[in-house]
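I have placed the structure first, in the form of structure tokens, so that the comments after it can refer back to it.
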Amino acid sequence: MFFNNLNIIQFGLLLLQGSTTFAKHISSRTCNNCSCAIAETLGPKLSAGASCSYSTAAAPRWSEFDAPDPGLVVNVATESDVLITVQYCNENNISFLAQNGGHGWGQTFHLGLEGLLINLGGLNSTTFNADKTEATIQGGALVRSVVDAAYSNGAQIPTGNCNCVGALGAILGGGFGRLMGLYGLGVDNLLSLNVVTAAGTQLTVTPETEEELWWALRGAGPNFGIVTSATITSYPVTTAENGAWVGSWIFTEDQIEDVVEAVNDLDLLPEMAVFLYYAVSDGTPVVLVSGSYAGANNSDGPNAFASITAVGPVVEEAAWSPFDEVNASGDSFCAKGGYKPAYGAGLAQLVPATWRSIWNEFVDFIAINGTSASTVMVDCYPMEKTRTLPDSSSSYPWRSTINCNAAVIPWYDDASLNAAAVSFGKSVRSLWYETSGTATNATYINYAVGDEPYSVVYGDNLATLETLKGVWDPTGKFDQFFPL
Ligand SMILES: Cc1cc2nc3c(=O)[nH]c(=O)nc-3n(C[C@H](O)[C@H](O)[C@H](O)COP(=O)(O)OP(=O)(O)OC[C@H]3O[C@@H](n4cnc5c(N)ncnc54)[C@H](O)[C@@H]3O)c2cc1C
């Protein structure tokens, strides 16, 4: 698919190097004394499949910029391991952070050598009820494994669009994806959540059992607990319908205004999603549009994107794929490591003049050696289904406000470029803010950074969320991701 042609740096996934079972937990590796002591006393309490390591190689992050730097990584194997680890941390006053896909780009992480990372990666199953209308996703499952499980069970589950992202990591902030025009936000499809709370208890949270916590978890999840598994609506579909047509079109710089206008004016049917990128292809900055149309392999997809192709792309690729292959076109975005201080903004509209200014900023930045993997992107979705529920239905605050999530991703390996990258990111974000079409600045939490006023992330829900934080996490155990 198209992204394989882009000049995006590829990093191999780090393997489970440095990991050691608890039975022989103290290896010859260097570790600080505190970490070794934790491993010795916590290890015997955990399941046989759990392991620990003194490096994050077992839990690589998408970006090293401001990444957590824990003294110990606990690789849990059961949901009870999470509970036991949180209880242990509470008893011993140890900071902790759960990690799922490791793609959170917020700059609010501050876990240091005295802290413990709970790597949820071992909790990666997705199971279904008999008629495939409900699925239970464990807390460390990646989008790839959820999509694969859904496809092989003749069903669809609303997930994010990138295979490598934590499925629940994305959903607990709201959950945008290419199927949301059909099924709504990820949070709208949740049925129950198994949660380890800050107090070190295991709860099954539903609208009936804990109404307020249920509301808070669905939009501000990482502030209220570790979700060890979630039951979510799954949608049985025939094999013929379980796929999507995806078109990718490259345009040149002189077409920016026409392309942006066409994307902004596109009539987004429920089956559709549209993505616009600035990227570097074969050494040249280009404008790329990608359109997705879920359903059977017929002419609906090409017809739906006719206004985009009418602009006159210089390169065009289109194909229908079964749903377990659709996300593959974004796999190059999944590359771990390097520095990617991303900045995001929620948009109600795309304004051509703004995107011209952003193009100029982009071209200036990628002129710096080693930055050609950088990108600017925006994802736009049909919002009607999402807006059948009121704003008050979950703590995700922007369902009636945002149509598109935009992000600028400076991408490089040389830390000396950090200052230039941050300046570029903030500058692009300012341009978006100026013409966002929203009454106030409004950013999907999973695209935010943490330097915004928290009203930009939590909207009018901020005060209620702060009150609930006082109830459910009064001492701020979950204080790493846009902490309330
Ligand atoms: C390449 C890329 C593609 C993306 N695509 C999409 C997309 O299509 N749709 C979308 O909505 N978002 C998307 N995002 C944004 C994504 O939702 C956020 O980056 C999200 O925070 C990533 O979750 P993670 O589990 O991968 O990251 P992590 O860094 O592991 O987690 C982020 C935060 O969530 C918490 N968390 C994760 N899992 C759990 C859990 N089970 N219980 C409690 N807390 C948990 C962590 O503790 C951490 O605080 C994308 C991001 C990237 C980098």
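The values are calculated or read from the model by the stated rules, or taken from the named source; none is laboratory data. This one's a predicted model, so the numbers in the text were calculated from it and none came from an experiment. Glycine gets a Cβ as well: all are built from the backbone with ideal geometry, and neighbour counts include every protein chain shown. Surface areas here come from the heavy atoms of the whole protein model, side chains and all, with no ligands, DNA or RNA. Shrake-Rupley method; radii C 1.70, N 1.55, O 1.52, S 1.80 Å.
Could you tell me how many of the residues in region 168-223 are more than 10 Å from the ligand (Cβ to nearest atom), aromatic (Phe, Trp, Tyr) and under 24 Å from VAL378 (Cβ atoms)?
Residues that pass the stated criteria total 1.
Which ones in region 70-96 are within 13 Å of the ligand (Cβ to nearest atom), open to solvent by less than 20 Å² (accessible area, probe 1.4 Å) and more than 22 Å from SER125 (Cβ to Cβ)?
PRO70, PHE96
Can you tell me which residue in region 463-484 is nearest to ARG218 (Cα to Cα), limited to those that are open to solvent by less than 20 Å² (accessible area, probe 1.4 Å) and more than 13 Å from the ligand (Cβ to nearest atom)?
Out of the qualifying residues, it is LEU465.
Any residue in region 79-107 that is more than 29 Å from VAL457 (Cα to Cα) sitting within a Cβ distance under 7 Å of a residue that is surrounded by fewer than 20 Cβ atoms within 10 Å (Cβ to Cβ) and of a type outside the set (A, V, I, L, M, F, W, C)? List the pairs, counting only those 6 or more apart or interchain.
These pairs meet every condition: SER80/SER47; ASP81/SER47; ILE84/LYS45; GLN87/GLY200; TYR88/LYS45.
From the list GLY106, GLY102, GLY139, GLY154, pick out the single residue that is within 16 Å of the ligand (Cβ to nearest atom), open to solvent by less than 40 Å² (accessible area, probe 1.4 Å) and either basic (Lys, Arg) or touching a strand residue (DSSP E or B) at 6+ places or on another chain (Cβ under 7 Å) (or both).
On inspection, the qualifying residue turns out to be GLY139.
Could you please find all residues in region 253-286 being open to solvent by 50 Å² or more (accessible area, probe 1.4 Å) and more than 30 Å from ALA149 (Cα to Cα)?
Those that are open to solvent by 50 Å² or more (accessible area, probe 1.4 Å) and more than 30 Å from ALA149 (Cα to Cα): GLU253, ASP254, GLU257, ASP258, GLU261, ASN264, ASP265, ASP267, ASP282, GLY283, THR284.
Restricting attention to region 429-464, which residues are within 21 Å of the chain's Cα centre (by Cα) and within 20 Å of VAL351 (Cα to Cα)?
ARG429, TRP432, ASN441, ALA442, THR443, TYR444, TYR447
Could you please let me know if ALA420 is more than 15 Å from the ligand (Cβ to nearest atom), open to solvent by 30 Å² or more (accessible area, probe 1.4 Å) and assigned to a helix (DSSP H, G or I)?
yes
What number of residues within region 42-62 satisfy the criterion of being away from the ligand (no atom under 16 Å from the Cβ), in a loop (DSSP other than H, G, I, E, B) and either of a type in the set (Phe, Trp, Tyr) or open to solvent by 10 Å² or more (accessible area, probe 1.4 Å) (or both)?
Summing the residues that are away from the ligand (no atom under 16 Å from the Cβ), in a loop (DSSP other than H, G, I, E, B) and either of a type in the set (Phe, Trp, Tyr) or open to solvent by 10 Å² or more (accessible area, probe 1.4 Å) (or both) in region 42-62 gives 6.
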